[in-house]
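Below is one structure; the comments refer to it alone.
The values are calculated or read from the model by the stated rules, or taken from the named source; none is laboratory data. Being a predicted model, the structure only gives us computed values, none of them experimental. Every residue, glycine as well, gets a Cβ built from its backbone with ideal geometry; the counts of neighbours run over all protein chains shown. For accessibility, only protein heavy atoms count, side chains too; no ligands or nucleic acids. Shrake-Rupley method; radii C 1.70, N 1.55, O 1.52, S 1.80 Å.
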Amino acid sequence: MTRPEHELRSFGRRRGRALSARQQHLLDEVMPKLALPLAEPAPEPIGQLFPHAPQDVWLEIGFGGGEHLIWQAQTNADVGLIGCEVFEEGVVKVLSAVDTLGLRNVRVSDEDARAVLRWLPPACLSRAFILFPDPWPKRKHVKRRLINPALLDELARAMRPGAELRIATDIGDYLRTILMSFRGRVDFRWLADRPEDWRVRGDDWPQTRYEAKAVREGRRRYFLRFRRV
Ligand SMILES: C[S@@+](CC[C@H](N)C(=O)[O-])C[C@H]1O[C@@H](n2cnc3c(N)ncnc32)[C@H](O)[C@@H]1O
């Protein structure tokens, strides 16, 4: 897929260790059934991507090992979940879980999530998640951070009024980047009245692998919820 010239890579490596025979099988046999048809126009309503044509479709960007995506899919069988992740091992983990658990409400993309967002019809998502995006801590790399005003423009287009956007980070400086990106926007409202609202993760929001690492290493986590107005 073509990407706008100004769009910088927001992720690190796409491949890790060589795949086992089972992992390769999942990529060859299961992925074609779950991958989004990005070369064609997106179906409308977007729920047609799923056999049960759900009313509500949720998007997770950068699902990593897929713990959160799979938990949400199992807990919300009536919702359609679209997961985007460019790291092959993560994609394979989700394919394996979908295959083993027989989930019918998950679709997966291994393309840059920003290309997926541009493909989606307007106002089609009722929830979106970006949990612990790559921190890019070095000053010269800050411009690679996924969350910026351009991404929020795309999310605002793809999300319905009333939809919820959930973001988590364990990096204080990224929290600042995020809040600056939302500053002055009238299309999203931060759902925080008191510190617990961003210090405490809700019960319908399971811990990810990356969050577990942040806990082990003693970093504070921030959990942000925004309403598409
Ligand atoms: C720090 S990891 C966190 C993974 C997971 N959300 C968690 O909390 O364990 C960030 C993930 O986002 C993915 N990512 C970064 N930019 C992306 C993009 N533009 N499209 C899809 N995935 C992306 C990376 O490959 C990486 O796996």
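Among the residues making up segment 69-99, those that are open to solvent by less than 30 Å² (accessible area, probe 1.4 Å), closer than 23 Å to Ile147 by Cβ and not polar (S, T, N, Q) are Leu69, Leu81, Ile82, Gly83, Cys84, Glu85, Val86, Gly90, Val91, Val94. Only one of these conditions is not met by Gly66: (1) closer than 26 Å to Gly162 by Cβ; (2) open to solvent by less than 10 Å² (accessible area, probe 1.4 Å); (3) touching an Asp or Glu at 6+ places or on another chain (Cβ under 9 Å); (4) of a type in the set (Gly, Ala, Ser). Which number is it? Going through the list (1) closer than 26 Å to Gly162 by Cβ; (2) open to solvent by less than 10 Å² (accessible area, probe 1.4 Å); (3) touching an Asp or Glu at 6+ places or on another chain (Cβ under 9 Å); (4) of a type in the set (Gly, Ala, Ser), Gly66 breaks only (1).
Restricting the search to segment 33-71, which residues are of a type in the set (D, E, K, R) and either within 16 Å of the ligand (Cβ to nearest atom) or under 29 Å from Ala168 (Cα atoms) (or both)? Even if it seems obvious, please write down each step before you answer.
At the first step, the residues of segment 33-71 found to be of a type in the set (D, E, K, R) are 33, 40, 44, 56, 60, 67.
Listed by number, the residues that qualify are Asp56, Glu60, Glu67.
Leu152 fulfils the conditions (1) open to solvent by less than 10 Å² (accessible area, probe 1.4 Å); (2) assigned to a strand (DSSP E or B) except for a single criterion, (2). Scanning segment 127-145 for residues that are buried (at least 19 other Cβ atoms within 10 Å of the Cβ) and on the phi < 0 side of the Ramachandran plot, we see that the one that is farthest from the ligand (Cβ to nearest atom) is Arg127.
Can you list the helices (runs of 4 or more DSSP H) found entirely within segment 1-105 that contain at least 2 residues being within 16 Å of the chain's Cα centre (by Cα)? Please lay out each step first, then the result.
Details: elements: 21-25, 31-34, 67-75, 88-101.
By residue number, 67-75, 88-101.
Tell me, which residue of segment 14-28 that is more than 21 Å from Leu151 (Cα to Cα) and in contact with an Asp or Glu (Cβ under 9 Å, 6 or more places away or on another chain) is most open to solvent (accessible area, probe 1.4 Å)? So the residue we want is Arg17.
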